[in-house]
Amino acid sequence: MSSKLSTDQVQQIAKIIDEYRDQQGSLIPVLHKVQSIFGYLPDEAQKQVAYGLGIPVAEVYGVVTFYTLFNTEPSGQYIIELCMGTACYVKGAVDVQHEIESQLGIAINETTKDGKFTLRFSRCVGACSLAPFMTIGEDVYGRVKQEDVQRILSKYH
Amino acid sequence: MQLYRAHVLVCGGTGCVTSGCMDVHAELEKQLEKNGLSEEINVIVTGCVGTCDIGPILMVYPEAIFYQKVQVEDVAEIVEEHILKGRPVNRLMYQDKTSEIAEFIEKYYDIDFFNRQTRIVLRNTGVIDSTKIDEYIARDGYQAIAKALTEMKPIEVVEEIKKSGLRGRGGGGFPAGIKLELGHKADGDQKYMICNADEGDPGAFMDRSLLEGDPHSIIEGMMLASYAIGANQGYVYVRAEYPLAVDRLVTAIKQAKEYGLLGDNIFGSGFNYSLDLRVGAGAFVCGEETALMHSIEGLRGEPTPKPPYPTDAGVFGYPSVINNVETIANMPQIILNGSDWFNRFGVENNKGTKVFAVAGNILNTGLVEVELGTTLRTVIFDICGGVPNGKKFKAVQIGGPSGGCIPAEYLDTPITYDSLTSLGAMMGSGGLIVMDEDTCMVDLARFFLDFTQEESCGKCTPCRIGTKRMLEILERITEGHGQPGDIEKLEELAESIGDSSFCGLGRAAPNPILSTLRFFRDEYEAHIDGHKCPAGICKGLLNVEIIEDKCRSCGICARICPVNAIAGQRGQPYVVDQDTCTRCGLCIESCPFDAISKH
């Protein structure tokens, strides 16, 4: 996924790097901020971060691929994150997962063809009292049942 | 200072926010304004109260009336009836769900869930507004660090924590005082103190609630520990999955700086201290201390062998002490009240309290703090109300993916580090997942293995490949293809992975299997030899069958079946080909005559 960055994006990244340049161990906070610009980390952006912080590109790539919250692929307009913590699992998150998959015709970690939804698992978010729990973009849904899925998804169509 | 006639506390923990407490809060402010009460009534948004499944929660003081599941529509009634006319609204009060008669409990302190707890660590959560430093100070906040900096030498702080018997609350239970002593004795001008807030165990949310509800207690605890070891820089490593906790901690650090509680020459003592936040990026292994430190350095969060121990060479190669959130939150109270006071709580070798996050098939999900030595039965049944829907209690999972299951016959075990270890489980960070009779223990073991296998960082072979092989065997068993000898193979693999893995993640990875095998071996045997899943969970062991008497041979099931496993002809009952069938259940849902069953 190589893509040219716009001048504006290059400047934004440069500003982030400047802010952290003198701090020890700043790679992860920098990557968090850069990802918030694109929603993922394009190759070109990773290279700019590497040159800017004076770290080998391979090392940056190693860090990006190690942590699950860093993405190297663009995601859909809405990211559905279904919690797969123990409490959610015990309370039927798998049924909810299957329902979403069949409604949207995608499997976990895939994006719908129209670029609208990406489905992901999240690690326990600690909202165990509301299991099964999921978020769509900034919206949160607790005690989700299989039969609720269609109604919830229809809000985003 | 302005005086108020009454205080209304709105719980602002993650659970309540999800249930809509922010809208309730806005409506409350609006209604108070409308009734001209804004000057008389003080509204405070607090951290997590602990009863997360009945939010949004409001508490009205001085009467200590506890309202549950408050909706926006209910707010006007509370304001007009209770706050204006002094008539508390019965229908919104807490209801004892275990009693058969609908009984409303008015007062906060009459509720079993609360009055059986001992709150040391959680003393401020759900009571104060965590975004206001003044409220923390009003509850004796920052007095412990003032006492330490002005009256105590660093070694005296170390001694006091040692005498308290406080053990690490993050899992292993290593004595916190000894860790501080090692840090204190380490050579070097530059040292680091680290707070491990990478609460990755699924089902655990104690640290999150503490960070959200009482962030200043973490700052003060970090200052005490840093002063004790001689560090001027601290890091709090929080996982990125907790945005609200990050937010509250950032606010708290900013306020502490403004008050001169962080910075140079604190309390005129010459002690300089700076505290920074590091946000994780989604890697369970970063809860392991060496991996966490590499993550702070901006590297891949892979563990490295010990020695060197962090107290010799930690972050950036300097001596570092690392403790869990709850351990650190205990320290201000110990320094302020003394180790003798702390020793009054708990039992021999297990002093103080422990916070548990209770979830799963349980009536009252929530946060519970009890003295160590309290029995599991007290926590699960007396405080949290037991298993709902008339189901039977089967087991409780404690310690997350590194822990184990404890079945019903051990419910009267007092909870201590040692008793749990002897049962093949561990304290872990304190997540308790309660499971009812409908839970399949083989499937549960598979779930945990799936987790550890995916979270294995891949550095050492036993963990990377061993967990994969164990997972494959478990998948085979739950899909109905278990083979004789699988149990023995699992045991053999478990032993070698436990012995030879690099870090705690790998060494503890077989625990869920070993513990379910210990207490529920018959379920494994039923899956393998009897081709049955006793709990009815494992799809591969279920048969989809058409009940002849009920089938009207309409053919809907045959058309809907995605794998063409159903065939038949008009006038005769249809038949499912068990070899082709994937047990997806679509036919069962589609049958208009309820003629298809899964068993």
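Only residues that are under 27 Å from the mean Cα position of the chain (by Cα) and not polar (S, T, N, Q) were counted in the range B:476-501, giving 3. Tally the residues that are touching a strand residue (DSSP E or B) at 6+ places or on another chain (Cβ under 8 Å), within 14 Å of chain A (Cβ to nearest Cβ) and open to solvent by 10 Å² or more (accessible area, probe 1.4 Å), restricting the search to the range B:56-89. Residues flagged as touching a strand residue (DSSP E or B) at 6+ places or on another chain (Cβ under 8 Å), within 14 Å of chain A (Cβ to nearest Cβ) and open to solvent by 10 Å² or more (accessible area, probe 1.4 Å) within the range B:56-89 amount to 1.
Restricting attention to the range A:43-67, and to residues there that are in contact with a helix residue (DSSP H, G or I) (Cβ under 9 Å, 6 or more places away or on another chain) and polar (S, T, N, Q), which single residue is farthest from the other protein chains (Cβ to nearest Cβ)? Among those that are in contact with a helix residue (DSSP H, G or I) (Cβ under 9 Å, 6 or more places away or on another chain) and polar (S, T, N, Q), it is A:Gln48.
Taking (1) at the interface with chain B (Cβ under 9 Å from one of its Cβ atoms); (2) under 17 Å from the mean Cα position of the chain (by Cα) in turn, A:Tyr40 satisfies each apart from (1).
A:Asp114: surrounded by fewer than 19 Cβ atoms within 10 Å (Cβ to Cβ), part of a loop (DSSP other than H, G, I, E, B) and of a type outside the set (Lys, Arg), yes or no?
Values: surrounded by fewer than 19 Cβ atoms within 10 Å (Cβ to Cβ): yes; part of a loop (DSSP other than H, G, I, E, B): yes; of a type outside the set (Lys, Arg): yes.
When the stated conditions are applied, A:Asp114 passes them.
Contact annotation: residue pairs with Cβ atoms under 6 Å, 6 or more positions apart or on different chains, pairing a residue in the range B:71-93 that is farther than 15 Å from B:Gly20 by Cβ with a partner that is part of a helix (DSSP H, G or I) and open to solvent by less than 30 Å² (accessible area, probe 1.4 Å), are B:Ala76/B:Gln31; B:Val79/B:Gln31; B:Pro88/B:His82; B:Val89/B:Ile78; B:Val89/B:His82.
For the range B:502-518, filtered to residues that are open to solvent by 40 Å² or more (accessible area, probe 1.4 Å) and touching a Leu at 6+ places or on another chain (Cβ under 9 Å), the residue that is farthest from B:Glu409 (Cα to Cα) is B:Leu514. For the range B:566-579, enumerate the residues that are surrounded by fewer than 14 Cβ atoms within 10 Å (Cβ to Cβ), under 23 Å from B:Gly536 (Cα atoms) and at pLDDT 85 or above. If the condition is that a residue be surrounded by fewer than 14 Cβ atoms within 10 Å (Cβ to Cβ), under 23 Å from B:Gly536 (Cα atoms) and at pLDDT 85 or above, then B:Asp577 is the only one that fits.
So, B:Val563, is that one of a type outside the set (Lys, Arg) and either modelled with pLDDT of 90 or more or surrounded by 15 or more Cβ atoms within 10 Å (Cβ to Cβ) (or both) or not? The answer is no for B:Val563.
Scanning the range A:18-37 for residues that are more than 12 Å from chain B (Cβ to nearest Cβ) and not β-branched (Val, Ile, Thr), we see that the one that is farthest from A:Glu138 (Cα to Cα) is A:Asp22. Going through the range B:359-379 one residue at a time, which ones are hydrophobic (A, V, I, L, M, F, W, C), over 18 Å from B:Ile120 (Cα atoms) and surrounded by fewer than 24 Cβ atoms within 10 Å (Cβ to Cβ)? Across the range B:359-379, the qualifying residues are B:Leu363, B:Leu376. Pairs linking a residue in the range A:24-39 that is among the charged types (D, E, K, R) to a residue that is part of a helix (DSSP H, G or I), with Cβ atoms under 8 Å and 6 or more positions apart or on different chains, are A:Lys33/A:Ile16. Working carefully through the options A:Gly85, A:Gly105, A:Gly142, A:Gly126, find the one that is open to solvent by 10 Å² or more (accessible area, probe 1.4 Å), within 22 Å of B:Ala357 (Cα to Cα) and either touching a helix residue (DSSP H, G or I) at 6+ places or on another chain (Cβ under 6 Å) or within 14 Å of another protein chain (Cβ to nearest Cβ) (or both). A:Gly142 is the lone residue from the list that is open to solvent by 10 Å² or more (accessible area, probe 1.4 Å), within 22 Å of B:Ala357 (Cα to Cα) and either touching a helix residue (DSSP H, G or I) at 6+ places or on another chain (Cβ under 6 Å) or within 14 Å of another protein chain (Cβ to nearest Cβ) (or both). For the range B:386-438, the candidate set comprises residues that are within 14 Å of chain A (Cβ to nearest Cβ) and part of a helix (DSSP H, G or I); within that set, the residue that is nearest to the chain's Cα centre (by Cα) is B:Gly400. Does B:Ala146 satisfy being among the hydrophobic types (A, V, I, L, M, F, W, C), touching a Ser or Thr at 6+ places or on another chain (Cβ under 7 Å) and either more than 30 Å from B:Gly50 (Cα to Cα) or in contact (Cβ under 8 Å) with a residue 40 or more places away in the chain (or both)? In short, no. The set of residues from the range B:195-244 being open to solvent by 10 Å² or more (accessible area, probe 1.4 Å) and among the aromatic types (Phe, Trp, Tyr) comprises B:Tyr227, B:Tyr235.
Just one residue in the set B:Asp129, B:Asp140, B:Asp189 is free of Cβ contacts under 8 Å to residues at least 40 places away in the same chain and in a loop (DSSP other than H, G, I, E, B); that residue is B:Asp189.
Restricting attention to the range B:264-276, does a residue exist that is assigned to a helix (DSSP H, G or I), open to solvent by less than 20 Å² (accessible area, probe 1.4 Å) and farther than 20 Å from B:Ala508 by Cβ? Write out each step before concluding.
As a first pass, look at the range B:264-276 and keep what is assigned to a helix (DSSP H, G or I): none.
Checked against the condition, which is being assigned to a helix (DSSP H, G or I), open to solvent by less than 20 Å² (accessible area, probe 1.4 Å) and farther than 20 Å from B:Ala508 by Cβ, the range B:264-276 yields no hits at all.
The single condition among (1) part of a loop (DSSP other than H, G, I, E, B); (2) open to solvent by less than 30 Å² (accessible area, probe 1.4 Å); (3) free of Cβ contacts under 8 Å to residues at least 12 places away in the same chain that A:Gly62 does not meet is (1).
To keep it simple, each residue is scored yes or no on (1) among the β-branched types (Val, Ile, Thr); (2) open to solvent by less than 10 Å² (accessible area, probe 1.4 Å).
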{"position": "B:Gln397", "(1), (2)": "no, yes"}
{"position": "B:Gly400", "(1), (2)": "no, yes"}
{"position": "B:Pro407", "(1), (2)": "no, yes"}
{"position": "B:Asp412", "(1), (2)": "no, no"}
{"position": "B:Ser422", "(1), (2)": "no, no"}
{"position": "B:Ile433", "(1), (2)": "yes, yes"}
{"position": "B:Leu444", "(1), (2)": "no, yes"}
{"position": "B:Phe447", "(1), (2)": "no, no"}
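Among residues of the range B:255-312 being in contact with a Phe, Trp or Tyr (Cβ under 7 Å, 6 or more places away or on another chain) and acidic (Asp, Glu), the one that is nearest to the other protein chains (Cβ to nearest Cβ) is B:Glu297. Give the residues of the range B:443-465 that are in contact with a helix residue (DSSP H, G or I) (Cβ under 6 Å, 6 or more places away or on another chain) and either more than 11 Å from chain A (Cβ to nearest Cβ) or small (Gly, Ala, Ser) (or both), sorted by residue number. Within the range B:443-465, B:Ala445, B:Leu449, B:Thr452, B:Gln453, B:Ser456, B:Gly458, B:Pro462, B:Cys463 meet the criteria.
The values are calculated or read from the model by the stated rules, or taken from the named source; none is laboratory data. No experiment lies behind these values; they were computed from the predicted model shown. Here the Cβ is made from the backbone with ideal geometry for all residues, glycine too, and neighbour counts use every protein chain on show. Areas reflect the complete protein model, heavy atoms only, side chains present, ligands, DNA and RNA absent. Shrake-Rupley method; radii C 1.70, N 1.55, O 1.52, S 1.80 Å.
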